[in-house]
Every structure is written in C-alpha cells, then in structure tokens.
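Student: Quick one: the structure is below, and I'll ask about it shortly.
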C-alpha cells in the first residue's frame, strides 16, 4: 500500500465510521495482518472498542479474517481489503446507477445495503418499503411484493449477491470458508458458491400500513420475526457495477468519436454479451451481424446495409473498439474490451498532459507514446517545435516523471559521449503514477473539506439550531412574525458566509466524484493488464 | 575535479549529444519547489448537470446518515450523571439510533463477541442478590473438602477467584466491559497475571499440568 492510498483509506474510514475505526483500520493496513491482541496492544485502544471496530469492518466487507500463520490452532488474523475501502468513494455512483436502471425502489435497496454492509432480504424489503411508504402521500402504502420483485431483478442481473458462507466459527478456528484454503486467507470469491444468486423463499406479510404518528424506528437485526431467510445475507456485487461502468464508458467514447447510431450498435453488442462474457475477458463473445441486427431495437431505425456500414466503420476506426473475427453469419464481430480500456486510459493521460502543460507538450507526449523511443533531435523534428522550447517542455515532463530517459550504450562502459539517450513514455507506469496522483488529490479534497467545515463550525451549529427551532415552531403552528424573528437571528453577512461555505463544499464534493471517475478508468486499465498476464 | 576551474560547469561527456549547448542550460534549482506553485494552465470547469448534482446530494446525505448509524463508533466518553435534557431531543431530531446493533455472531470469529463475559457478570449479580452468608459458608466448607481431596492448587484458585469476582462485582455499579473488570480483579488478587494465560476459555482451562509454580 502506498502512502497516499493509506492516507486516503484513513480519511474515508474516519468520515464514515469515526476516529476509532479509522485508527484500527489504518494500523491494520500498515501492518498487513494482525491478530486481535496485537492490534489492541499496538493501537493502545481499549479491547472492546477494537472488537467493535473489527465487527463493523467485517460487516462492511472491508476486513477479512481467517486462520493465521500458526494454523487453525492459533489466534485469528485480520486483514483489511483496501480496494473495498476505496469503493466508498463510489457509493453515490452505484446508487445513482441503480436508480437509473430500477427506479426509486432499486435506488433505496442498493443504498440500504451499502450503508449496512450486509443485509438479509427480508430486512431490506421491510426497510425499503418503510421508507417508500413514508414518502408517499397519505393513504397509500408500498406493497412488499413490489419491493421483492425489484430485489429479484437486481439479483438476476447479478447486481446483488449472497455473502459467501462461513463455517460456524469455533473460538479459535478461522471464520473459515467452505473450501480448505491455505493459511493467510485469500478472500473467498462469492461466485464460487453455487447458490450465489439464488433467492431465498421469504414469508412477508402483505402491506405496510402507514401511520402518521409513528416515530420512525428502524429495527435492525434484533427483534425481527423470522422470515425464513435467516443467515442469508446479501451484499452489493461491486464487480458487476464496475463492468456496467466500463460498458458505459466505452459506449460514450464511441458516441463521442463516431456518432449516436454507432454507439447504439455497440450498446446492443455489449448487452447481448453481458451474461456470456466472463468478468476479465479481453473480448466479448463473437456475435454475427445477423444476430446484432435481430437484437437491435426497432426504435433505432437502422437498416441492414447501414448496420454493415457502421460495423465496418467501427472496425476501421483507430481506437479499435470493435474487431472482426470472421465472416460467417454476415461477419463475426467482437468488442475489444481490454484494448478499449487501454485506449481510454491513453486518452486520459494525454488529456492530463494537455491540461497541465499545454497543447504543444501534449503533442510531444502523444508523439512519444506512438513512436516509443526518440532522440532529442527527432522529437524536435517530428513535433515541429523549435529546439529550445522543445527542450524546455521535455525537461519539464521529465521532471514530472511523465517521460523517461532510456540509455542505449554503444560501448560496454556506458561512456556518456558514446551512448544514445532516448526519450520514451511507458503507458502502464505512467497510468500508475497518475492513479497515485488521483488518490492524493482526493485526499487533499477531503482534507480541505474537513478544514472548511471546522473553520465554520460555530456558524454551522448556529444555523442548525435555528433550523431546528424553526421546524419545531412550524410544527406547533407559530405565526409568521415569530418565524421571521427567528430567521433574523442569522445576520446577513453570516448568511453570505454560509452560502459561500455551502458553495465551496458542493464544489469539493463534486470534484471528489469526478476524480473518482478517473480513478475508476485508470484502475480498470491497470487491472486489465494484470489479468492478461 | 576536471574542467577549467571552479564554478564552471564541466561534464564528462559531450553535451551536444543531448542537444544542449552551453547557453541553453536550464536554471538550477534553488531549493524545493514551492508548495503552491503558479499554474500556467488553469484547470477546466467541473462537469455540471443533473446527474452530478444528484450524486453530490447523495454523497452529502450519505455522509450525514453514516454519522448516525450505530456503525460509527465513538470513543469512550465520560458519561455524565444525568443525561442532559437536550440529549433526548437531539437524538430524536437527528434520529440517532441506539447502539443496538448486534451482528450475526455466526459470521464472526468468537473472540469478537463481548457478550460472554457480561452475561456471566449479569448472572453473577443476580446470584449475588440471593447469595447470603450461608452460601459463603457452603463454599468454604466445599473448599475444605477439596483440600482434603488433595486437588488443592488449581481448584482453590478457580473457586477463590470465582468467589472474589462475585464479591467484587457486588460493589460495581457502573457497567464496565468484562475485559476491564478482569484486569481490575487481577490487580487486586495476589495472583500474578503472567502466570495466567488469558485464553478464549477463561477460567475453564485445564490447570492440571501447570509447570510454573504458584505461590
């Protein structure tokens, strides 16, 4: 774990779970694997707090435990899954995707499960129905069956999955997994479990009656009547969401580069191969042009010869989104997933250089990406930039580590006068470098936001108190004069200050979301290169 | 070293191969780069749109919500004698949920479960209400019997420890976690903690083969 990643994990844990969990989590990340006693001793926190923190982390899937180095007889060891902590940055995106695919019900289901880590189907359905009923006008209520149907849809499309089962934990045995694993556990793939996407049979009674004065109590795990699915917990399948985001990125890239119709064609192709393509595949399954034509929605109005033209256009495009693998059935086409990701990452890198160093530096950068190794003179010639400026730009890029120098000796003694010095850019290491920069950026954004909030804490508290007073006054039916009097307790300059604070925090939050999009793209690219090795 | 004199840059190789001439060397650094350097190219504007606004609102809402969930663990705060008056209403307004979150213990290693010891404590306090001096005498007589049996050391320890624990817990009013209770007791006893391996099955381990002597 790099320093920036550890810092970001710490900030995210603190934001969501408080200082205690943050301390425990950060220490565990730094140390790798630890058992309970060592962790408590080294963090100098009381043992019960450490236990609670670990429970919370395991509940949310961020910490895994298993038989330690001393085997099943030794103490249980814990480790943190950093990737999972970073997913917390992306929660709004997951929820929004669920909303766009499955409506408000889907949105609430995913939100509930994300907030609580793991939930049983029955408790999810109940809570979501509660919330929906709460927001509905008087007299209406949400039927459990509707929520259940949306839940099943989410499971069918693999957006939700069962948590992998554990053998019932003995006191010192690992929370072991169903297949015997080597020590220092690897996380079980939930997909290995055959019932991963099987819905349990639950028995929920019909509807929820809305009562106006009921206080909104949320029952969690305690005190719920058995609904027939005890012990079956569901979690969000992040990988499926990531595949969805990847598909979205490819489709929007195609629509930017070519046009709307070609992006619809690619969308159809991706949809058809959703279930048949494994997660880390480099290509989708080959689809024939006939199949694609049949699967195209009639609303797109694409005739068969037009489709063929579009497909050949896509194949010839230098971005290589679509490839042709054969001629049967009117032509067999695949979507090149890994290559598309690589191209998207490359476009991101080029855009970063352009925005930071100007378009001419970007030209040099693109040149080096394409031509691999170039000498100083060649760079000047190919980029058509005068020598002095080209040198300046190259050194700047070199100092930022975006460009590397490669030495090619003519003689074995590496004498400087007799070696070639070539400039080069390697896409993968540069992508990793930028990814670390992104993590640092998000860390900085979060810290700035915390700072801003802290600076204006007094003002924020005052405004919260006044809002509470206003709310209670309105509830008890006060007159307008009293309300205005209360409102005036905040002076105009204070209001302005609050407004600007809100504006800043909104900006910082949006920036976090958008940097996360870049993080996703770069990480997908890096993972795709690793998978193919 | 080599070169024409001090202060004049001299290189061991022909600089022109890198494309440099004497006059065109970049300036030397005079220290670390500034913390907030001047940027020539201002960053582009953020994406603005419905989607982004909605996601931002989601993010802020979730942040606020997570603070109120029982997953947000707060350090031990000194509890005041009387709950502040406003506490009741702030809780209601903010909808802070009580810390009643019990995870499914089947899915966690047993050592994370704090209930074992507190339950035992609770049972003991219940017993305490009924324990009278008569019972203590019974205990003592039992001890004598065991002494005669010869199985002295370990059982005496256990029994005495158990008895002491019950006696001490009578005095306790505040709810302290079982773990802290343990440590307090161990300090009060004469038994040195290091001889006692505080494993998961506290108090129930077999002491028959204790190699270390106890005094």
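Quick note: the coordinates plus some simple rules give every number you see, no bench work behind them. Since we're looking at a predicted model, the values are computed, not measured. Reconstructed Cβ throughout: ideal geometry from the backbone, glycine too, with neighbour counts over all protein chains shown.
Student: To the nearest 10 degrees, how steeply does helix A:457-475 sit against the main Cα axis of chain A, on a 0 to 90 scale?
Tutor: Its long axis makes an angle of about 40 degrees.
Student: Rounded to the nearest 0.05, what FRET efficiency do residue A:401 and residue A:377 have when you use their Cβ-Cβ distance and R0 = 25 Å?
Tutor: 0.65
Student: Roughly speaking, what is the stretch gain from residue A:476 to residue A:320, that is 0.36 nm per residue apart minus the C-alpha to C-alpha distance, in nm to one decimal? Don't skip to the end; give the middle numbers.
Tutor: On the way: separation 156, 0.36 × 156 = 56.16 nm, distance 6.56 nm.
Between residue A:476 and residue A:320, full extension yields 49.6 nm more.
Student: Using a Förster distance of 30 Å, how high is the FRET efficiency between residue B:149 and residue A:73, based on the Cβ-Cβ distance and rounded to 0.05? Mind showing how you got there, number by number?
Tutor: Details: r = 32 Å, r/R0 = 1.08.
The formula returns an efficiency of 0.40 here.
Student: Quick check: residue separation of residue A:389 and residue A:488 times 0.36 nm, minus the Cα distance between them. What number comes out in nm?
Tutor: Residue separation times 0.36 nm, minus the Cα-Cα distance, leaves 29.7 nm.
Student: Right, something else. Relative to the longest principal axis of chain A, what angle (0 to 90°, nearest 10) does the C-alpha long axis of helix A:492-531 take?
Tutor: Taking Cα atoms only, the helix is inclined about 60 degrees.
Student: Given a Förster distance of 22 Å, report the FRET efficiency between residue A:500 and residue B:57 from their Cβ-Cβ distance, rounded to the nearest 0.05.
Tutor: Working: r = 19 Å, r/R0 = 0.85.
About 0.70, to the nearest 0.05.
Student: Now, a different point. Along Cα→Cβ, 7 Å out, is where each label goes; now give me the distance between the ones at residue A:466 and residue A:275 in nm to one decimal.
Tutor: 5.8 nm
Student: Once segment A:249-335 is represented by equal point scatterers at the alpha-carbon sites, with solvent omitted, what log10 I(q)/I(0) does the Debye formula produce at q = 0.12, 0.21 Å⁻¹?
Tutor: Listed by q, the Debye log ratios stand at -0.30, -1.00.
Student: Of all the Cα-Cα pairs you can form in segment A:392-456, what percent are over 15 Å apart?
Tutor: 69 percent
Student: Here's another thing I want to ask about it. What is the helix-to-structure angle for A:238-257, meaning the angle in degrees between its Cα long axis and the longest Cα principal axis of chain A, kept from 0 to 90 and rounded to the nearest 10?
Tutor: Taking Cα atoms only, the helix is inclined about 50 degrees.
Student: Under a no-solvent Debye model with one identical scatterer per Cα of segment A:340-425, what's log10 I(q)/I(0) at q = 0.10, 0.19, 0.23, 0.24 Å⁻¹?
Tutor: Listed by q, the Debye log ratios stand at -0.26, -0.83, -1.11, -1.17.
Student: So if each residue of separation counts as 0.36 nm, and I subtract the Cα-Cα distance between residue A:282 and residue A:300, what length gain in nm does that give?
Tutor: Working: separation 18, 0.36 × 18 = 6.48 nm, distance 2.79 nm.
Residue separation times 0.36 nm, minus the Cα-Cα distance, leaves 3.7 nm.
Student: Moving on. When every alpha-carbon pair in chain A is counted, what percent end up more than 38 Å apart? Could you put the intermediate results ahead of the total?
Tutor: Working: 64072 of 141778 pairs.
So the pairs more than 38 Å apart make up 45 percent of the total in chain A.
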